[in-house]
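The values are calculated or read from the model by the stated rules, or taken from the named source; none is laboratory data. Treat the numbers as computed from the prediction; the structure is a model and nothing was measured. Here the Cβ positions follow ideal geometry from the backbone for every residue, glycine too, while neighbour counts run over all protein chains shown. For the accessible areas, the whole protein counts, side chains as well, though only heavy atoms, and no ligand, DNA or RNA atoms are used. Shrake-Rupley method; radii C 1.70, N 1.55, O 1.52, S 1.80 Å.
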Amino acid sequence: MRYWDPSALVPLIVSQPDSHLVREWLAEDDQIVTWVWTGTEIVSAIERLTREGKISRQQRRAALEEFGDLSNQWDEVTDAVAVRARALGVLARHPVRAADAGQLAAAMLIQEQLTFPLSFMCLDRRLALAAEREGLRIPTEID
C-alpha cells in the first residue's frame with residue numbers, strides 16, 4: 001500500500017513527462033490510498049489543462065472517464081477532522097499550501113495505523129521533502 005498525492009495521480013490520467021514513472025510505481029504496488037479531496041484536485045487539474053489549451057475537449061472527456069475508473073479503485077481517507085488537526089501542524093512546520101498539507105496529513109493519519117513505513121507517492125519536490133521530514137518514505141526519483 002502506498003499513499004498517492006494528486007501530483008502523482010494526474011500523470012496516470014493525462015499524458016505528461018512523468019507518466020511512465022508513475023505507471024512503474026503503480027505496477028510495483030497497485031493499492032492506492034489517498035485523501036477524499038484528491039478527486040477535486042484531479043478534476044481541477046484536468047479542467048485547468050483544458051482551459052490552458054494543453055489538452056483538447058476530447059482529451060478532457062477521456063481524462064475524466066479515466067479519472068472515474070481510477071477513483072473507483074482507490075481507498076480514501078475520509079476523516080476530515082483528524083486530517084485538519086494534523087494539517088495545521090504540517091502548515092506550522094513546512095512551507096506547503098493548504099491542500100498539500102491536507103494530503104500530507106491524510107498520509108500521516110494512515111501511517112499512524114501501520115507497523116511499516118508508508119510510501120508517499122508524489123512528484124512535488126517541496127511536498128515530498130515535507131513528507132520525508134514527517135517520517136514517510138518518498139520515491140528515490142524525487143531526491
**Tally of residues being of a type outside the set (Phe, Trp, Tyr), closer than 18 Å to residue 131 by Cα and in contact with a strand residue (DSSP E or B) (Cβ under 8 Å, 6 or more places away or on another chain) across region 1-35** = 10
**Asked** Which one of the conditions (1) under 21 Å from residue 43 (Cα atoms); (2) open to solvent by 90 Å² or more (accessible area, probe 1.4 Å) does residue 127 fail to meet, given that it meets all the rest?
**Response** (2)
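Residue-by-condition table, conditions (1) farther than 17 Å from residue 122 by Cα; (2) out of contact with any Ser or Thr (no Cβ under 6 Å at 6 or more places or on another chain); (3) among the polar types (S, T, N, Q):
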{"site": "22", "(1), (2), (3)": "no, yes, no"}
{"site": "48", "(1), (2), (3)": "yes, yes, no"}
{"site": "56", "(1), (2), (3)": "yes, yes, yes"}
{"site": "62", "(1), (2), (3)": "yes, yes, no"}
{"site": "65", "(1), (2), (3)": "yes, yes, no"}
{"site": "84", "(1), (2), (3)": "yes, yes, no"}
{"site": "104", "(1), (2), (3)": "no, yes, no"}
**Message:** Any residue at all in region 108-123 that's surrounded by fewer than 17 Cβ atoms within 10 Å (Cβ to Cβ), touching a strand residue (DSSP E or B) at 6+ places or on another chain (Cβ under 6 Å) and more than 14 Å from residue 5 (Cα to Cα)?
**Reply:** yes
**Item:** Checking residue 39 against (1) within 19 Å of residue 5 (Cβ to Cβ); (2) open to solvent by 20 Å² or more (accessible area, probe 1.4 Å), the condition it does not meet
**Value:** (2)
